[in-house]
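Note sheet for the following structure.
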Amino acid sequence: MLKALLFSVIPEDKLLKFFKAAELLLLEHKTGKNSFELLRYILLEFCAMRTDSVVIFPINQAILFVRTHFRDSPSLSDTAELVGLSPVYLGSLFKKTTGQSYTEYLTACKLSCAEMLLQNGMDVAGACFSSGFGSLSGFLYSFKKYIGMSPAEYKKSEN
């Protein structure tokens, strides 16, 4: 069975009511008053609230994780553990969903960042390490392979 995360979108006005009620609950607790009725109100309101729910399946969670943590070079095993799947299964889901292997997808995220950095005037070495590559030679190889030109050529073509 696939695990999925369920996120609820809570309207801002409801959220503010919950924050105010929580502040009152904390105040009543600190002063030793009986806070049962206030806690009951919060729980009833929360349970009765209708929200727009969004289900995030493990592959979507993994993709989001890679997109936001690519600079840290998360391994397939670490990402799989995070989303509760085996590395082999997550690798196959990545290929099926994105059309790329996990490593290719991770590299593409890094290269996209490097392109943006180069476009904004950063030097090649700075773009390499700021986008999460561990070595300049690996960056140069990947950039040329996927973009079709060296980072220096790319930078010149963008000016």
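Among the residues of region 102-120, are any without any contact (Cβ under 8 Å) to a residue 40 or more places away in the chain, open to solvent by less than 50 Å² (accessible area, probe 1.4 Å), more than 20 Å from G148 (Cβ to Cβ) and not hydrophobic (A, V, I, L, M, F, W, C)?
Yes, the conditions are met somewhere in region 102-120.
Give S92, S137 a once-over and let me know the one that is more than 18 Å from F57 (Cα to Cα) and in a helix (DSSP H, G or I).
Selected residue: S137, the only one of S92, S137 that is more than 18 Å from F57 (Cα to Cα) and in a helix (DSSP H, G or I).
If we scan region 110-132, do we find a residue that is closer than 18 Å to L76 by Cβ and not in a helix (DSSP H, G or I)?
yes
What number of residues in region 18-53 are surrounded by 12 or more Cβ atoms within 10 Å (Cβ to Cβ), of a type in the set (S, T, N, Q) and at pLDDT 70 or above?
Counting residues in region 18-53 that are surrounded by 12 or more Cβ atoms within 10 Å (Cβ to Cβ), of a type in the set (S, T, N, Q) and at pLDDT 70 or above gives 1.
Specify the residue that is nearest to F133 (Cα to Cα); the eligible residues are those in region 68-84 that are touching a residue at least 40 places away in the same chain (Cβ under 8 Å) and crowded, with 19+ Cβ neighbours inside 10 Å.
Top of the filtered list is F70.
Kindly check whether there is at least one residue in region 1-15 that is at pLDDT below 75 and in contact with a Phe, Trp or Tyr (Cβ under 7 Å, 6 or more places away or on another chain).
yes
The values are calculated or read from the model by the stated rules, or taken from the named source; none is laboratory data. No experiment lies behind these values; they were computed from the predicted model shown. When we count neighbours, we look across all protein chains shown, and the Cβ atoms used for this are built from the backbone with ideal geometry, even at glycine. Just the protein is used for accessible areas: all its heavy atoms, side chains included, with ligands, DNA and RNA removed. Shrake-Rupley method; radii C 1.70, N 1.55, O 1.52, S 1.80 Å.
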